[in-house]
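**Q** Here it is: the structure, laid out below.
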Amino acid sequence: MPEMKVDRLVLKAGAMDPRAARRLAEAVTAGLERAPLPGDLAQRAELVRLQVRPAPGATTDNLAQQILSELMRELRRR
């Protein structure tokens, strides 16, 4: 199984409550730990920037999943 090393993960949560922002960061991190990774990921992705707008009424878990989906999609495109 390929490995991924994340040196830095920055989430700008806008006007989100600090506790909710922390839960979001923890949910994204946990999702990354479980994510299936492309075999040559380490050679393809040094910096990824995304802008994800939450769907109306999205929960923290929904937003974390949305972020993970967009991140995985971007990593597979490279």
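**Q** Taking region 50-72 as the region of interest, how many residues are surrounded by fewer than 13 Cβ atoms within 10 Å (Cβ to Cβ) and modelled with pLDDT of 85 or more?
**A** Residues in region 50-72 being surrounded by fewer than 13 Cβ atoms within 10 Å (Cβ to Cβ) and modelled with pLDDT of 85 or more: 6 in total.
**Q** Another one. Return the residues of region 50-78 that are under 16 Å from Ala35 (Cβ atoms) and not in a helix (DSSP H, G or I); say none if nothing qualifies.
**A** Within region 50-78, Leu50, Val52, Arg78 qualify.
**Q** Restricting attention to region 33-48, and to residues there that are assigned to a loop (DSSP other than H, G, I, E, B) and out of contact with any Asp or Glu (no Cβ under 9 Å at 6 or more places or on another chain), which single residue is modelled with the lowest pLDDT?
**A** Filtering first and then ranking leaves Asp40.
**Q** Which of the residues belonging to region 48-67 are closer than 14 Å to Leu24 by Cα and without any contact (Cβ under 8 Å) to a residue 40 or more places away in the chain?
**A** Within region 48-67, Val52, Arg53, Pro54, Ala58, Thr59, Asp61, Asn62, Leu63, Gln65, Gln66 meet the criteria.
**Q** Return a yes/no flag: does region 22-32 have any residue that is modelled with pLDDT under 80 and hydrophobic (A, V, I, L, M, F, W, C).
**A** Within region 22-32 (the criterion being modelled with pLDDT under 80 and hydrophobic (A, V, I, L, M, F, W, C)), the answer is no, since none of the residues qualifies.
The values are calculated or read from the model by the stated rules, or taken from the named source; none is laboratory data. Only a predicted model underlies this, so the values are computations on that prediction, with no experimental measurement involved. Glycine gets a Cβ as well: all are built from the backbone with ideal geometry, and neighbour counts include every protein chain shown.
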